[in-house]
Amino acid sequence: MEDLSVEISCKRILNHVDLAVPNGEVHVLLGPNGSGKTSLIQTILGFSNCKVISGKIWFDGVDITNMPINERVKLGIGIAFQNPPAIRGVKLGHVVRSFLEGKDRATDIRLARAVNFPIKFLDRDLNLGFSGGEIKRSEILQVLAQRPKFAVLDEPDSGVDVENLEVIGKAINNFLEGRSGLIVTHLGHILNYVKTDVAHVLIGGTIACSGKSTKVLSQILKEGYKWCERCLKEKRVEECKEKKRKR
Amino acid sequence: MQGKKEKALKAREKPATLGPDLDISGFTRDVKPWRYSSIHSLPMDITKQSLNVGIRPDEKGRAGTYFQIDHSTVFRATRKMFEGKAEVMSTEEAFEKYDWMDDYWWKVVAVDADKYTALAEMEWDKGYFIRALEGQKITLPLQACLFISKDNLNQNVHNVIIAEPNSEMQIITGCTIHPNVTRGLHVGISEFFVKEGATLTFTMIHNWAQNFDVRPRTGALIEDGATFANNYVCLKPVKSLQMYPVAYCKGTNSRARFNSILYGAENSYLDVGSKVVLQGAGSRGEVIARAIASDNSKIYARGLLIGEHEDSKAHLECRGLLLSDSSLIHAIPELIAKVEGAELSHEAAVGKIAEDQIQYLMARGFSESEAESLIVRGFMDVSIFDLPSQLQEEIKKMVDITTVRVL
């Protein structure tokens, strides 16, 4: 993401965001409620409500800024949503199998087991009457079936009980081996199971800081996002000074 | 019979309470009779059309057949293995055969309800009589086709369906027209009697034309421990269709269930409802409707549950999907509880395809049109109707053909 600014309903949500996830790395996106994390993900996917005002989005050397959602997905972007809509009559299994074309029936059973789902779950309508934990597992299951090069996981740990957190965490960690990923998390529980490289903190639509994920996370857990806000202020002061100096 | 004629005469100008009022004199009654033949010797153009409404000319997987073209019965028979278990004939023949037919004639539909019931009494064009004998389980569906081959014809059928005590039966009725027919009026009176412990699954499939008018009038009486399931499918354009079938759950532990799938295309005007009157102790009712409106169609999806017994319970669910800005869906669910303890509920939802659903499926790799098609097909998912599996497959196929055609 290069100097990306985005508006939703004429309101600026992301401000000059620069963020790069190199091949084979897994990054974490942290930030308080309402900081723009989900909007950033929707922008990566190309949701129509997220209007790109400036900047570009690149994937594997291809400019995808104005590409339809499904073409981005075909290039190898996968997503596990935080709050997916319920769709009546469309079966979870239909979506899972659409990714598994040519593979035998045993594959979806194996995948369902990986996220601790009974096989009959595949016959249920998408997200209809799913519990919070079931939604998370269903989303992860769909990403596992898709096998994208780059997986975006929006809050995969919220609303998941302790036992399933371990199941999901391990499934994600295995899956991300050798792939790239961006994990959005609020509290970082999932990071106990998933190895990550870099963490970015998004505050008020701006990347406040980026650094080694263990270090950033431990600071935030200790001091909260205030620490990042301070950082952001200092960063802005630095930028002002820099501009003045240039003049 | 005399009293009925007089009542009909008085009601002959009485407009229906719902739907556009029709000028009956604009249709012709003049048509050549068809000769009785075998179903296998019917012209191809007729059998091909009947297949689209679930009527199999080869009778494969069917227990018996009634086939009427215009005002003539052209074929009716029960297949050998079901002889002595089920009866299929025209209502005219039934009057000749049974002296008790009057006990089932204009009993759950009022002859003077409106000008269409009156018309069916004054200008009666047969219709079918189907009866499952006591204790018989008819394992395959019986089929009945009401066909119109002449343009601008008026056809008024009056059907009587009796499920004798502890019998089980499924009926598929297909009403359709010759491809050369563009206008006309079909009036269909259907009276159902589901007796003690019997189960009747009735499925009606309509396939009309853009200038065709249709006025079915249906009533059902459900006795102790009996179950009546009524499925209605209308996927093709029609000028105006208005019906509001009613099931009286009179018996103890009687059950009625109405499922309907409506697809409004072109300039169709569909006013379709289902009524359940809960009169018996432990009576239960369920009404499920799915309506899709495209092009310039208008759909009025009605439902009425009336609780007259303190131990009665019913639910009504209506979902509508708009596929164009010039279409309209008006859902009108109504609940009337007359006694304390009657438990009635409804849910209705009408709207366009939600953008977030499309984007979600696109994020799973489907194109925008594939996503829409999946959502529409899912919306018309017939598995929620709890149909016998073979019937479910047949209806699913019809729905799939429609959605593939329109999307």
Item checked: Failed condition for B:A291, given (1) of a type in the set (A, V, I, L, M, F, W, C); (2) farther than 16 Å from B:P245 by Cα; (3) more than 17 Å from the chain's Cα centre (by Cα) -> (3)
Checklist line | Extreme residue, farthest from the chain's Cα centre (by Cα), among residues of the range B:338-352 that are surrounded by 17 or more Cβ atoms within 10 Å (Cβ to Cβ) and among the aliphatic types (A, V, I, L, M) | finding: B:A342
Checklist line | Total residues in the range B:396-407, condition farther than 16 Å from B:P141 by Cβ, within 14 Å of another protein chain (Cβ to nearest Cβ) and either among the acidic types (D, E) or without any contact (Cβ under 8 Å) to a residue 24 or more places away in the chain (or both) | finding: 1
Item checked: Pick from the range A:65-81, criterion outside any helix (DSSP H, G or I) and either surrounded by fewer than 19 Cβ atoms within 10 Å (Cβ to Cβ) or of a type in the set (S, T, Y) (or both), ranking: nearest to the other protein chains (Cβ to nearest Cβ) -> A:P68
Item checked: Matching option when the condition is touching a strand residue (DSSP E or B) at 6+ places or on another chain (Cβ under 9 Å) and either hydroxyl-bearing (S, T, Y) or in a helix (DSSP H, G or I) (or both), among B:V376, B:V350, B:V339 -> B:V376
Check: Would you say B:S345 is assigned to a strand (DSSP E or B), polar (S, T, N, Q) and closer than 26 Å to A:N127 by Cα?
Finding: yes
Notebook entry, point to check: In this structure, is B:S50 in a helix (DSSP H, G or I), surrounded by fewer than 20 Cβ atoms within 10 Å (Cβ to Cβ) and among the polar types (S, T, N, Q)?
Noted result: no
Checklist line | Tally of residues being surrounded by fewer than 20 Cβ atoms within 10 Å (Cβ to Cβ) and more than 7 Å from every other protein chain (Cβ to nearest Cβ) across the range B:375-384 | finding: 2
Next item on the list: Run A:G169 past the list (1) touching a Phe, Trp or Tyr at 6+ places or on another chain (Cβ under 9 Å); (2) farther than 25 Å from A:Q219 by Cα; (3) in a helix (DSSP H, G or I) and report the number of the one that doesn't hold.
Entry: (2)
Notebook entry, point to check: In the set B:E372, B:E368, B:E393, which member is surrounded by fewer than 17 Cβ atoms within 10 Å (Cβ to Cβ), modelled with pLDDT under 95, more than 18 Å from B:S274 (Cβ to Cβ) and within 12 Å of another protein chain (Cβ to nearest Cβ)?
Noted result: B:E368
Item checked: the range A:193-247, subset in contact (Cβ under 8 Å) with a residue 60 or more places away in the chain and on the phi > 0 side of the Ramachandran plot, residue surrounded by the most Cβ atoms within 10 Å (Cβ to Cβ) -> A:G205
Note to self: On the basis of being among the hydrophobic types (A, V, I, L, M, F, W, C) and over 30 Å from B:K5 (Cβ atoms), does B:F82 make the cut?
What the structure shows: yes
Notebook entry, point to check: Any residue in the range B:317-326 that is crowded, with 22+ Cβ neighbours inside 10 Å and hydroxyl-bearing (S, T, Y)?
Noted result: no
Next item on the list: From A:L126, A:L111, grab the single residue that is buried (at least 21 other Cβ atoms within 10 Å of the Cβ) and away from chain B (no Cβ under 14 Å).
Entry: A:L111
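The values are calculated or read from the model by the stated rules, or taken from the named source; none is laboratory data. Note that the coordinates shown come from a computational prediction; the quantities given were computed from them, not determined experimentally. Ideal geometry is used to build each Cβ from the backbone, glycine not excepted, and the neighbour counts take in all protein chains shown.
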